[in-house]
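The values are calculated or read from the model by the stated rules, or taken from the named source; none is laboratory data. Bear in mind that the values here come from a model prediction, so they are computed numbers and not experimental data. Neighbour counts are summed over all protein chains in view; Cβ atoms, including those assigned to glycine, are modelled from backbone coordinates with ideal geometry.
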Amino acid sequence: MTRLRLHGYWRSNATYRVRVALNLMGLPFEEVEYDLLKGHQFSDEFLTLNPNAAVPALEVDGRVITQSFAILDYLDGTGSGYRLLPSDPFDRAEALALALNTIADAHPLIVPRIRKHLAEEYGADPDAVKAWARHWLTEGVAAYEERLNRRPPNPFLFGDTVGLAEIAMTSHAVAGGPFDVDLTPFPRFKDLTDRLLELPAFADSHPLRRKEIVGAT
Ligand SMILES: N[C@@H](CCC(=O)N[C@@H](CS)C(=O)NCC(=O)O)C(=O)O
């Protein structure tokens, strides 16, 4: 049986994406915590897994995959029976585009190293750093809302099942919490992500749930 170890951090949105996918697919896994705020991503132990010094890294029988997007693509190809992407080529491209709105566009602008750099190199105070993150996350939500307004009101994005696009969108909603992103102007996005966050795979994977499990303060 394949042994899966997810190296991540309870607060990390990218780790959350992988945790949700593993739970959706019903794949058992262990988790190893690295406290990013204490710099554990720069430890020798972690850099051996990922020279980019960023979580998550998924160890599969001792082999390592990094980047949440690549990990989800790997999981989708393992033939577990649960597909994270639609089979129709156009729907698939649409799902990838929706996922990349978070994974490629918004999330990279708000990760700890960016916020630290803004503070240390450009003198941004905590309020300015928070406003920066809130700005880019809100731009991402606005783009999602516009795309949702152009889509039929399916239960989820591509019918009854949820996959990569829903995972990315939910990680976007979760990321907005600490930065006080106001979802009131975006009712379609809020409704969809609220419903997703109630599903067991999403609820059990939530950073605050993980925080309780690891006993972080
Ligand atoms: N594109 C990467 C993002 C990885 C990433 O930046 N992860 C954050 C946590 S969500 C991290 O480890 N940051 C460390 C830092 O910024 O120092 C992915 O989706 O896996």
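For the condition crowded, with 16+ Cβ neighbours inside 10 Å, more than 26 Å from Pro126 (Cβ to Cβ) and of a type in the set (Asp, Glu), Asp76 qualifies. In the stretch 167-181 there is at least one residue matching the filter, namely being at pLDDT 95 or above and on the phi > 0 side of the Ramachandran plot. In this structure, does Ala128 turn out to be out of contact with any Cys (no Cβ under 6 Å at 6 or more places or on another chain) and closer than 29 Å to Met25 by Cα? For Ala128, the condition - out of contact with any Cys (no Cβ under 6 Å at 6 or more places or on another chain) and closer than 29 Å to Met25 by Cα - is not met.
Just a yes or no: is a residue in the stretch 53-61 away from the ligand (no atom under 13 Å from the Cβ), out of contact with any strand residue (DSSP E or B) (no Cβ under 8 Å at 6 or more places or on another chain) and outside the structural domain of Ala133 (by TED's automatic domain parsing)? Yes - at least one qualifying residue is present in the stretch 53-61.
Determine, yes or no, whether Val20 is in a helix (DSSP H, G or I) and not assigned by TED's automatic domain parsing to the domain that holds His172. For Val20, the condition - in a helix (DSSP H, G or I) and not assigned by TED's automatic domain parsing to the domain that holds His172 - is met.
Only one of the numbered conditions (1) more than 16 Å from the chain's Cα centre (by Cα); (2) within 10 Å of the ligand (Cβ to nearest atom); (3) of a type in the set (A, V, I, L, M); (4) exposed (fewer than 15 other Cβ atoms within 10 Å of the Cβ) is violated by Met1, and that is (2). I'd like the residue in the stretch 27-41 that is within 18 Å of Arg209 (Cα to Cα) and either assigned to a loop (DSSP other than H, G, I, E, B) or touching a Gly at 6+ places or on another chain (Cβ under 6 Å) (or both) and, out of all such residues, is nearest to the ligand (Cβ to nearest atom). If we take residues in the stretch 27-41 being within 18 Å of Arg209 (Cα to Cα) and either assigned to a loop (DSSP other than H, G, I, E, B) or touching a Gly at 6+ places or on another chain (Cβ under 6 Å) (or both), then Tyr34 is nearest to the ligand (Cβ to nearest atom). If you take the residues of the stretch 70-122 that are among the polar types (S, T, N, Q) and part of a loop (DSSP other than H, G, I, E, B), which of them is nearest to the ligand (Cβ to nearest atom)? Checking each candidate, the answer is Thr78.
Hey, any hits in the stretch 78-86 for a residue that's more than 30 Å from Val181 (Cα to Cα) and among the aliphatic types (A, V, I, L, M)? There is no residue in the stretch 78-86 that is more than 30 Å from Val181 (Cα to Cα) and among the aliphatic types (A, V, I, L, M).
Contact map, the stretch 112-132: first residue in contact (Cβ under 8 Å) with a residue 40 or more places away in the chain and among the charged types (D, E, K, R), second residue within 16 Å of the ligand (Cβ to nearest atom) and outside any loop (DSSP other than H, G, I, E, B), Cβ cut-off under 7 Å, separation 6 or more or different chains; pairs are Lys130/Phe179.
So in the stretch 123-161, with the set limited to residues that are of a type in the set (Asp, Glu) and part of a helix (DSSP H, G or I), which one is farthest from Ala104 (Cα to Cα)? This residue is Asp127. Which condition breaks for Ala70 when tested against (1) within 21 Å of the chain's Cα centre (by Cα); (2) touching a residue at least 24 places away in the same chain (Cβ under 8 Å)? Looking at each condition in turn, Ala70 falls short on (2).
Looking across Glu59, Glu31, Glu94, one residue alone is closer than 23 Å to Pro200 by Cα, within 19 Å of the chain's Cα centre (by Cα) and either of a type outside the set (D, E, K, R) or at pLDDT 95 or above (or both). It is Glu31.
Okay, residues lined up against (1) surrounded by 12 or more Cβ atoms within 10 Å (Cβ to Cβ); (2) of a type in the set (Phe, Trp, Tyr); (3) in the same structural domain as Ser12 (by TED's automatic domain parsing); (4) modelled with pLDDT of 95 or more:
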{"site": "Leu109", "(1), (2), (3), (4)": "yes, no, no, yes"}
{"site": "Pro112", "(1), (2), (3), (4)": "yes, no, no, yes"}
{"site": "Asp125", "(1), (2), (3), (4)": "no, no, no, yes"}
{"site": "Trp132", "(1), (2), (3), (4)": "yes, yes, no, yes"}
{"site": "Tyr144", "(1), (2), (3), (4)": "yes, yes, no, yes"}
{"site": "Arg147", "(1), (2), (3), (4)": "yes, no, no, yes"}
{"site": "Thr161", "(1), (2), (3), (4)": "yes, no, no, no"}
